[in-house]
Amino acid sequence: MGFDTTRFPFLNFRDEAAFWRDIERLKKFFQNCREELQGVFKKGAELKAAFLELDPLVEELTNKICPYCGTVCCANRHGFPEFADIVSMLAMEEEIPKYDLGVDERDLCQFLSRSGCILPRYRRPYRCTWYFCDPMLVEVDIGPIKRYRNFLRLVTLLSQKRGELLEEFFKIYMEKARPNDPPGKSPHGP
């Protein structure tokens, strides 16, 4: 169901030039291989729909739990994307957020406002949606059974759709990567 994202290159957010260069290469790959990636774009639409379906439930939970929490989970170090996050955003045909890589990674996330994250859920790193703290899990567990079942269904659906998208992209990416590049280590286009 899931996809091992360690098969993709590492985005180094400590080297701003390399970070943005890798993202630009990935954008070019999507542009240059648009025809071959039609199935990936279709899966991107399915992934976005899964995010949109899950979002109201997660928002309900975070609105109930997060304002009263003494330990804010949303830190810059968790808000930087993985390669797979950028692939997902591009497959959903979304703009990549303007990350400020000069922020202290221990500080509150640069996208966190008084009313929560300013980014729509589908433009956040996957870990932002997938992370459920203990108080939130307790709330799901002790809440209505209908919400519990819906929660399980939706997080499973999201994981499945993301895994399908990344698996399909990876096949094309590896086929089109430069022959001299090590497998899974370069975001170069054809």
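The values are calculated or read from the model by the stated rules, or taken from the named source; none is laboratory data. Since the structure is predicted, the reported quantities are computational estimates derived from the model, not experimental observations. Heads up, the Cβs are rebuilt from the backbone with ideal geometry, glycines too, and the neighbour counts pull from every protein chain shown.
Structure data summary
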{"quantity": "Failed item in (1) in a helix (DSSP H, G or I); (2) modelled with pLDDT under 95; (3) surrounded by 14 or more Cβ atoms within 10 Å (Cβ to Cβ), with E105 passing the rest", "calculated": "(1)"}
{"quantity": "The range 14-25, residues that are over 15 Å from the mean Cα position of the chain (by Cα) and in contact (Cβ under 8 Å) with a residue 40 or more places away in the chain", "calculated": "R14, E16, F19, D22, R25"}
{"quantity": "Spans of helices (runs of 4 or more DSSP H) in the range 123-186 with at least 3 residues out of contact with any strand residue (DSSP E or B) (no Cβ under 8 Å at 6 or more places or on another chain) and at pLDDT 95 or above", "calculated": "145-176"}
{"quantity": "Among the candidates E36, E94, residue that is outside any helix (DSSP H, G or I), among the charged types (D, E, K, R), farther than 21 Å from T129 by Cα and touching a residue at least 12 places away in the same chain (Cβ under 8 Å)", "calculated": "E36"}
{"quantity": "Residue within the range 109-123 that is surrounded by 18 or more Cβ atoms within 10 Å (Cβ to Cβ), more than 26 Å from P67 (Cα to Cα) and touching a residue at least 12 places away in the same chain (Cβ under 8 Å) present", "calculated": "no"}
{"quantity": "Only listed residue being modelled with pLDDT under 95, among the hydrophobic types (A, V, I, L, M, F, W, C), surrounded by 13 or more Cβ atoms within 10 Å (Cβ to Cβ) and over 15 Å from the mean Cα position of the chain (by Cα), chosen from L57, L37", "calculated": "L57"}
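Matching residues to (1) of a type in the set (D, E); (2) touching a Pro at 6+ places or on another chain (Cβ under 8 Å); (3) not in a loop (DSSP other than H, G, I, E, B):
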residue: R21; (1), (2), (3): no, no, yes
residue: E24; (1), (2), (3): yes, no, yes
residue: K27; (1), (2), (3): no, no, yes
residue: A45; (1), (2), (3): no, no, yes
residue: L54; (1), (2), (3): no, no, yes
residue: T62; (1), (2), (3): no, no, yes
residue: H78; (1), (2), (3): no, yes, yes
